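No value in this document is a laboratory result; all are computed from the given coordinates. Here the structure is a predicted model, which is why all the values come from computation and not from measurement. Cβ coordinates were reconstructed from backbone atoms using ideal geometry, including for glycine residues, and neighbour counts include every protein chain displayed.
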Amino acid sequence: MFIELHILQNFAPSNLNRDDTNAPKDCVFGGFRRARISSQCIKRSIRTHDVFKNTIKEAGGDLGIRIKRFIKALSDKLKDRGKDEAVSIIAAENILKCLGIGKTEEQKSEYLLYIGSDELDHFVKLITENGNWDLMSQPPNVKLEHEGGNKKGKKKTQKELKKDYKASFPDKLQKEFAKVISQNKKNARSYAADIALFGRMLADNKNMNVDAACQVAHAISTNEVEMKMDFYTAVDDLLPDEESGSDMMGIVEFNSSCYYRYALINYDLLKKNLGNDTQMADAAVTGFIKAAVQSVPTGMQNSTAPQNPPSYVHALVRTEGAPWSMANAFIHPVRPGRNEGEDLITRSVNELEKYFSALKDNYSDKGIKSDPISTVFLPNRKDKRFVDLIQETQTALKNGSQ
């Protein structure tokens with residue numbers, strides 16, 4: 001079963017998601033330049049939004065954190081249990097080594113880790129209980145490169161060192177740690193809700209990998225975009241009256257666009273990632289939809305205040321058939337007119353619904369169990385309120401699961 005989300009959201013002049021030159025991200029689609037917001041930016045704004053976090057917490061679920069400061073996070077939890085700070089750091093380092101992950105000189109993991117709060121707590125429990133503390137609080141017995149090198153007499157590579165560190169821990173303990181972060185047919189466990197949705201990938205330890213239950217597309221403008229520049233100046237408040245001129249000046253690029261946003265959730269995979277907990281899966285879907293509608297990327301909000309909610313939200317629940325992105329509804333850019341009902345938003349809605357109707361006529365709408373639409377300030381329409389869209393989607397999920 002799939003949940004599809006189609007959103008049209010028109011933003012006032014803004015720079016929500018910048019590239020390496022601080023210009024708004026863009027792309028070419030259909031041969032025309034479009035404004036763009038990256039999928040990574042959208043996903044972060046959703047998973048960090050209060051409405052998503054509160055929905056998960058109210059359902060009793062767990063949330064993940066994306067960190068390089070794994071050693072600090074874990075050692076702080078050990079200190080809270082009364083363990084010595086220096087020894088706690090050694091134990092936290094040992095967990096990293098046991099997972100096959102290296103660390104930097106700044107006591108950080110070599111790359112960002114996506115870890116659930118519940119997973120951190122399980123690590124603490126394993127370290128401090130079952131007689132493991134004496135082992136985990138001591139540096140592992142591993143010969144470093146300056147103490148002999150590898151079998152060929154050469155300096156050990158980082159990969160070889162990681163393997164040696166991992167092998168220095170008992171197999172039984174390694175398996176216990178693996179259970180904390182992995183899921184298999186015999187071990188159906190629940191990941192943090194955001195990890196269950198967005199997945200996790202780690203090349204050095206495939207046990208940590210989680211297949212994402214959610215796909216999020218780059219948001220692209222339905223209209224052809226032109227980038228504009230704002231030349232700004234700032235004046236010293238204590239500038240003497242006899243002097244003139246600016247004490248700072250610069251240029252900021254921006255645009256104004258109506259974005260088509262698309263997201264897809266594989267409900268069956270989401271349930272699997274959440275330990276087959278249907279109630280938590282429903283909460284994750286609800287929190288995701290609410291946050292997708294309410295969240296706004298944080299780029300330059302203080303200088304542009306782009307708090308423009310979506311004008312059109314279409315949630316679709318499908319029990320069979322292939323999902324449909326509607327991006328090709330805008331292969332030709334939408335151009336507004338000057339008459340009533342010819343504005344950019346209304347015309348974008350018309351093109352989207354015309355394309356959706358064509359897809360249903362050609363490929364059949366069999367398997368679509370629910371497709372409520374919520375709109376704001378669109379002429380001659382009587383669509384649902386957003387709260388009713390959420391309720392209808394929840395009902396369709398329950399009926400489809402039976």
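Rank the residues Thr375, Thr21 as a footprinting-exposure proxy: fewest other Cβ atoms within 10 Å of their Cβ go first. Please report the intermediate quantities before stating the final value.
Details: Thr375 21, Thr21 6.
Exposure proxy ranking, most exposed first: Thr21, Thr375.
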With DSSP loop assignment and no more than 10 other C-beta atoms within 10 Å, the GluC sites (Glu not before Pro) in segment 215-245 are Glu226, Glu242, Glu243
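If I stretch the segment between Leu239 and Lys155 completely, what's the gain in nm (0.36 nm per residue apart, minus their alpha carbon distance), one decimal? Write down the numbers at each step before the final one.
Values: separation 84, 0.36 × 84 = 30.24 nm, distance 6.30 nm.
Residue separation times 0.36 nm, minus the Cα-Cα distance, leaves 23.9 nm.
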Asn302 and Ala167 label points (each 7 Å along its Cα→Cβ direction) are spaced in nm at 5.3
Segment 77-140 and segment 329-348 have their Cα centres apart by a whole-number Å value of 56
Out of Asn350, Gly199, Asn54 - ranked by how far each Cα lies towards the positive end of the dipole of the chain, with unit charges on the beta-carbon of charged residues - the top one is Gly199
Where a ≥ b ≥ c are root eigenvalues of the Cα gyration tensor, a/c under 1.5 meaning rounded, otherwise prolate if a/b exceeds b/c and oblate otherwise, segment 1-69 counts as prolate
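Where a ≥ b ≥ c are the square roots of the eigenvalues of the C-alpha gyration tensor, would you call the chain rounded, which needs a/c under 1.5, or, failing that, prolate if a/b is larger than b/c, or oblate? Numbers along the way, then the final one.
Numbers: a/c = 2.36, a/b = 1.45, b/c = 1.63.
Cα axes put the chain in the oblate bin.
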Ranked from fewest to most other Cβ atoms within 10 Å of their own Cβ, Glu85, Glu110, Glu93 fall in the order Glu85, Glu110, Glu93
Summed over the other residues with a beta carbon less than 14 angstrom from that of Asp26, with K and R at +1 and D and E at -1, the charge totals +1
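How much mean residue ellipticity at 222 nm does the chain get from its helices, if each DSSP H run of length 4 or more adds -39500 (n - 2.57) and you divide by all residues, to the nearest 500 deg cm²/dmol?
Working: 14 runs with 150 residues, N = 402.
The per-residue figure over the chain is -11000 deg cm²/dmol.
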Stretched fully, the stretch from Glu105 through Lys179 gains (0.36 nm per residue minus C-alpha distance, one decimal, in nm) 23.8 nm
Quick note on Lys384, Lys172, ordering by fewest other C-beta atoms within 10 Å, gives Lys172, Lys384
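Could you sort the peptides 62-70, 268-276, 356-364 by per-residue average Cβ neighbour count (10 Å cutoff), highest mean leading? Mind showing how you got there, number by number?
Working: 62-70: 18.8, 268-276: 20.4, 356-364: 11.7.
Packing proxy ranking, top to bottom: 268-276, 62-70, 356-364.
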